[in-house]
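Below you'll find the structure, written out as structure tokens, and then a few comments.
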Amino acid sequence: MTHRVHIIGGGLAGSEAAWQLAEAGVKVRLSEMRGSGEMTPAHHTDSLAELVCSNSFRSDDADNNAVGLLHAEMRALGSLIMAEADAHRVPAGSALAVDRDGFSAAVTSRILTHPNIEVVRERVDALPSSGPTIVATGPLTAMSLASSIGAVTGADALAFFDAIAPIVYRDSIDMDVAWMAARWDKGGKDYINCPMTKEQYLAFHQALLDGEKTEFREWEKDTPYFEGCMPVEVMAERGVDTLRYGPMKPVGLDDPKTGRWPYAVVQLRQDNALVTLFNMVGFQTKLKHAEQVRIFRMVPGLEQAEFARLGGLHRNTFINSPQLLDGTLSLRRASHIRFAGQITGCEGYVESAAIGLLAGRFAAAERAGAQLTPPPPTTALGALLGHITGGAEAVSYQPMNVNFGLFPPVTAKKKADRKLLYTSRARAALQEWKALA
């Protein structure tokens, strides 16, 4: 078999990219480390597209949910991952959950039997110096390859504990309680400030101490977090006033309702150019997700907060995609290489497969001597791609799930109406894009 595209990594993104290329008539070599005597600390089998965590692809509601919309768009583009997820669905209400073993076995079978795909069980230790390549090695990229990626991209470290602060939808913040200002009025009204009294702060501090935390996995214990990315609950353990002299310091912030500094303040900073998402400054955490929602809603102004992303702390490997990749996922410094999946900074099974789908389609068009225009930002695929390749307005680039905060905003007073506007606009845009592709 004469290979025209080399894909490194047989997870969700690599499998989807291989399928899209093969269906377009392009020969593919798919290199997968598992099955060659190598194994990652998180995987249990050598099956392609193994689900290492949950068996849920999350909401399948294409009218009211961004990930459900992404499901629908991927189905419309012939996604292998979505086809097998549908075929191996198990009861989960409005969510799409799958029989994980049946799902990965089916994906493996279809990849192995496709005449345009050759699967080679091998570990790739360095980025190829030539030839079209898609790197889809995920957040557990082998250290040898991660070092090669670092050498090519100029990054000095790719494997680390990724400290993530929660991100809140702007329209769920109670601005009758919070106010916009920068400390000492420097820089304009750049932050949303949520004030706390002494009693509120002490209750919040105790809740952080008592909240249920996630435990490190055995293979994560030797990778410490950075001092500058200390979880908020660890800071709380260092003393009752540690947070008041750190991320919750109130100095220089006059509450317009009192004319005085509050006892403590939670600040939120704009996280995207659309001004739809704000992150909780300094609130990286290893609290369990349900605990985050409960405890962070104790903050005045956040009682009804809705989260586009909850915080976390885990070993991760991803590149600074907005700086390194062009709009078709090609590495600017070495254009024969594309990246796909979680290593690009998307979070979640479906998002990973979606970026694999796009990488495969971009590469297939390139092999045919054509140029595929990226999907419109009003689609779920385009919004996710825009976060990865054009989201450099964020202060620090972090992985994220698809959510409506990544889309150009729509105007409607009711949240339900906004969701329907997002999804109906996206469907029309995808149809137009498909017709031109």
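The values are calculated or read from the model by the stated rules, or taken from the named source; none is laboratory data. Quick caveat: nothing in here was measured; it's all calculated off a predicted structure. All Cβ positions, even for glycine, are placed from backbone atoms using ideal geometry, and neighbour counts span all protein chains on display. When the accessible area is computed, the model is the full protein with side chains, heavy atoms only, and any ligands, DNA or RNA have been set aside. Shrake-Rupley method; radii C 1.70, N 1.55, O 1.52, S 1.80 Å.
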Solvent accessible area, Å² - residue 434, 1.4 Å probe, full protein context: 80 Å²
log10 I(q)/I(0), Debye, Cα-only the chain, no solvent, q = 0.11, 0.12 Å⁻¹? -0.87, -1.02
Past 20 Å, Cα to Cα, is the threshold; run 189/249; 288/414; 186/249; 198/288; 198/249 against it and keep the listed order. 288/414; 198/288
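What per residue convex hull volume, in Å³, do the alpha-carbon atoms of the range 327-437 yield?
Numbers: hull volume 11.8 nm³, N = 111.
Measuring per residue, one finds 107 Å³ for the Cα hull of the range 327-437.
Tell me the mean residue ellipticity at 222 nm calculated for the chain from its helices only (DSSP H runs of n ≥ 4, each -39500 (n - 2.57), averaged over every residue, nearest 500). Could you put the intermediate results ahead of the total?
Numbers: 12 runs with 138 residues, N = 437.
Dividing the helical sum by the residues of the chain leaves -9500 deg cm²/dmol.
Work out the FRET efficiency for residue 27 and residue 212 from their Cβ-Cβ distance, taking R0 = 60 Å, and round it to the nearest 0.05. Show your work: numbers first, answer last.
Numbers: r = 50 Å, r/R0 = 0.84.
Calculated value: 0.75.
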Just reorder 255, 185 by solvent-accessible area, largest first, 1.4 Å probe, all chains present. 185, 255
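In the chain, what % of DSSP beta bridges are antiparallel (nearest 5)? Walk me through the numbers on the way to the answer.
Values: 32 of 49 bridges.
If I count the DSSP bridges inside the chain, around 65 percent turn out antiparallel.
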Tell me, what % of the accessible area of the range 67-214 is carbon and sulfur with a 1.4 angstrom probe? 53 percent
FRET efficiency for residue 334 and residue 113 from the Cβ-Cβ distance with R0 = 41 Å, rounded to 0.05, comes out at 0.80
Where the chain is the region considered: accessible area per residue in Å², 1.4 Å probe: 42 Å²
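Sorting 50, 16, 237, 122 by accessible area (1.4 Å probe), largest first, what list results?
Values: 50 25, 16 0, 237 120, 122 50 Å².
These residues rank, largest area first, as 237, 122, 50, 16.
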Below 24 Å, Cα to Cα, which lysines can residue 27 reach? Residues fewer than 8 away in the same chain don't count. 434
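Using a 1.4 Å probe on the protein chains only, how many percent of the accessible area of the range 259-408 belongs to carbon and sulfur? Numbers along the way, then the final one.
Details: 2360 of 4880 Å².
Roughly 48 percent of what the probe reaches on the range 259-408 is carbon or sulfur.
Using a ≥ b ≥ c from the Cα gyration tensor of the range 21-125 (square roots of the eigenvalues), is it rounded, prolate or oblate, where a/c under 1.5 gives rounded and otherwise the larger of a/b and b/c decides, a/b for prolate?
Because a/c hits 1.5 or more and a/b fails to exceed b/c, the range 21-125 counts as oblate.
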Going from most exposed to least, what order do 299, 251 have by accessible area with a 1.4 Å probe? 251, 299
Mind checking which of 20, 379, 153 is farthest towards the positive end of the chain's charge dipole, using Cβ charges of +1 (Lys, Arg) and -1 (Asp, Glu) about the Cα centre? 379
What does a probe at residue 238 reach in the range 192-216, counting residues whose amide N is under 16 Å from the point 7 Å along Cα→Cβ? 209
If you count only protein heavy atoms and use a 1.4 Å probe, how large is the accessible surface of residue 286, to the nearest 10 Å²? 40 Å²
If you wrap a convex hull around the alpha carbons of the range 236-331, what volume per residue comes out, as a whole number of Å³? 164 Å³
Per-residue SASA entry for residue 261, accessible area with 1.4 Å probe, Å² rounded to 10: 120 Å²
